[in-house]
1. If you put a point 7 Å past Cα along the Cβ direction, how far is that point for B:Asn112 from the same point in each other copy, in nm, smallest first?
2. For segment B:272-290 and segment A:276-344, write down the distance between their C-alpha centroids in whole Å.
3. Loop-only check: which GluC sites (Glu not before Pro) in segment A:159-241 are DSSP coil with at most 12 other Cβ within 10 angstrom?
4. Once both axes come from the Cα atoms, what is the angle between helix A:268-277 and the longest principal axis of chain A, in degrees from 0 to 90, rounded to 10?
5. Using amide H atoms built in the peptide plane, which far-off residues or other-chain residues are under 5 Å from A:Ser170 H to H?
6. Apply the Karplus parameterisation 6.51 cos²θ - 1.76 cosθ + 1.60, with θ equal to phi minus 60°, to every residue of segment A:341-353 and state each ³J(HN,Hα) to the nearest whole Hz, in sequence, with x for glycine and proline.
7. From Cα pairs below 8 angstrom and at least 6 apart in sequence, can you work out the relative contact order of chain A, rounded to a whole percent?
8. Restricting attention to segment A:1-78, which trypsin sites (Lys or Arg not before Pro) occupy a DSSP loop and are surrounded by at most 14 other Cβ atoms within 10 Å?
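The values are calculated or read from the model by the stated rules, or taken from the named source; none is laboratory data. Please read all numbers here as calculations on a predicted model, not as lab measurements. Here the Cβ positions follow ideal geometry from the backbone for every residue, glycine too, while neighbour counts run over all protein chains shown. Only protein heavy atoms, including side chains, enter the accessible area calculation; ligands, DNA and RNA are left aside. Shrake-Rupley method; radii C 1.70, N 1.55, O 1.52, S 1.80 Å.
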Protein chains: 2
Amino acid sequence: MSAKDSELTGVKEIARRANVSRGTVDRVIHNRTGVSQKTIDIVNAIIKELDYQPNIFARSLASKKQVVFAVLIPGVSLETNYWEEPLLGITEAGAEISPYGITLKKYLYDLNDKKSFLEQIALIDLSTVQGVLLAPSFIEESEHFVKKLESRKIPYVFINSDIQGHDSLSYFGPDLYKSGYLSAHLMKYLVKEGEEILIVNISKEIDNQHHLLRKEEGFRNYFIDKKLTNPILKIDIKQTDYAYVSKSIEDVLQRHHVAAVFVTNSRVSTVAKYLKRSGAANRLLIGFDYTKENLAYLKSGDIDFLICQKPREQGYKGLMALYQFVVHAKVGEKNNFMPIDIITSENCDFYIN
Amino acid sequence: MSAKDSELTGVKEIARRANVSRGTVDRVIHNRTGVSQKTIDIVNAIIKELDYQPNIFARSLASKKQVVFAVLIPGVSLETNYWEEPLLGITEAGAEISPYGITLKKYLYDLNDKKSFLEQIALIDLSTVQGVLLAPSFIEESEHFVKKLESRKIPYVFINSDIQGHDSLSYFGPDLYKSGYLSAHLMKYLVKEGEEILIVNISKEIDNQHHLLRKEEGFRNYFIDKKLTNPILKIDIKQTDYAYVSKSIEDVLQRHHVAAVFVTNSRVSTVAKYLKRSGAANRLLIGFDYTKENLAYLKSGDIDFLICQKPREQGYKGLMALYQFVVHAKVGEKNNFMPIDIITSENCDFYIN
DNA sequence: CCTTTCTTCGTGCACGTGAACGTTTATTAC
DNA sequence: GTAATAAACGTTCACGTGCACGAAGAAAGG
């Protein structure tokens, strides 16, 4: 750590102990050719023994190589500007580490369009990339992509939603199951026993987004765990425009007496809009994310609660974790669940995304 | 920014343009002696023109100097472990920047003892310190200290509470006035018009801690702004032990019919303890901070709301701001108010301090 | 045995800055 | 005017690492 240990550390010391030159040690460290297996083993043993950490200052000085991170997340869409926030956090972290020679390349895909996800992936030149930060919105395609990353030994960090069973460096985002669970908990307080509850999934790609599915699972399991008898209805709405959404909701509300609505993503404002216009705003409405539209309906009383999970921090911390690993070889926690913030009209003015 | 600009930047280029040697430029940059005023002016002009930013890698490589930051905050006390959290954030940031040669020196004082604050200050050897992160709990003493820092041109960052009118680099903490204001807002929802409200300040050094005073001010002003008629009582309790606190509260409660209690700091658990024991827990109780004790009373229903303001993040961001300034000469926002989180028994399990 | 080729390794320069040391020029003292 | 001193500036090495170049030795082929 301290500068005085210089005689006991560094490539020079390793070389001295191994009775080889600095160049040879360097070759071992960088897995370059031209070293006998015997020497490799000796050097590696000493590296391990000394717990050698390369001096990143000297390294960056000597090498003109820039470290490049690819960022693969949704862009802002017409229906929601949610993804502005993670991007802000990412940009902030990017600015912080840019003095250390890190460059970001951003690839923004359309959350409504699986094809654009693949297109953006195709644009990433993996041979020039030392790490990837991604939101794995489409399960299968993401899995395929991260397998490619793994085979190339490129570290990657998930944000916003996780894919289990893969060797990601870490995950920063909600505990999806628990956010659904908490939403149910909140709802229980405000509906009476036996009243009907409606779950609304709005997404062109519902089946591919386990994001929504996990939340629904958590929500339902709360009612099961607590042995509550409220009937739970559900609709999947695969078009995101207002006309289609409102019609779908209307359909259900005509046939059922729904006391509370749970929208599994930030599209809750679309539902709020309909409920308000149709004069049915007295129903309890819970949804996700502190977007501009949602905020307006929260303030007007049409949305009762918004669940929010620090989108900006997800981006910031996700990128930082990647940086800490790639540059400093520091491994942090694998799962980093964001707090589940409950936003109401009372505290919304003080919330920071 | 990029490595290719190397010919156009750096000390070498400055020297070339000024027709002097690198050594002379170096002397100007570091305000060392041995350069004529004329040369100094020329070099400085060029530095400004080129917007020269020293290469921190080369700098740290060449210089064995360690950067030292002093951290001056309260230690954990018997009554509250609140200060664990800022310290955690500080330690986390410290670990992150330690590869860049930053060392922390921690000076923990007793929040209940003004003398210990002065003692810790006396321990700080300012000639070895390049920056200070502090919680200015005692107004006058803090002012005196930061004046000394200013005269030595040592940058400093406030956390937790701010002192106006000083040249701090920045502030990370609550907008005290607004947190009082929001508390009042919450309280309004749950008391009826005309019911009596009690403000409780618990601290050995109330008069010195504008922390408490500003919160009270915000709280009172809400009721004034909204033209509410609830009588507002107040007690200052200058001993922090349970016996004394409970007696003080009991005193008031016997003489008044109090519907709601607002405790201006984390000592709210002491009040909760009394209310619970005395069987008077049906009163609304609002206080501050996500401490272990408070959490227990929140879950048991004896505390209704906790206002919390990211103590850990205050520490983390405060130290980072200091680092960004000292090492990268980056100036961020001066006032960084933390979000005002409302913790209830519903979301407390998901909160991150 | 000599030449060629390949494997294995050592040496030296470069990165941009800090700082000690050396050199030149200007100033002062006698 | 000369020596002594001070002021102003130039030169050089060091920091730890990456990388190009080339050397030494072993292996292979004739």
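1. 6.2
2. Segment B:272-290 and segment A:276-344 have Cα centres spaced 31 Å from each other.
3. Here the GluC sites (Glu not before Pro) that fit, given the DSSP loop and packing criteria, are A:Glu193.
4. 20
5. Those qualifying (amide H under 5 Å, at least 5 residues apart or on another chain) are A:Phe158.
6. Coupling constants for segment A:341-353: 8, 9, 9, 10, 5, 6, 9, 5, 5, 9, 7, 10, 5 Hz.
7. Dividing the mean separation by the residue count of chain A yields 18 percent.
8. Qualifying residues, ordered by number: A:Arg32, A:Lys64, A:Lys65.
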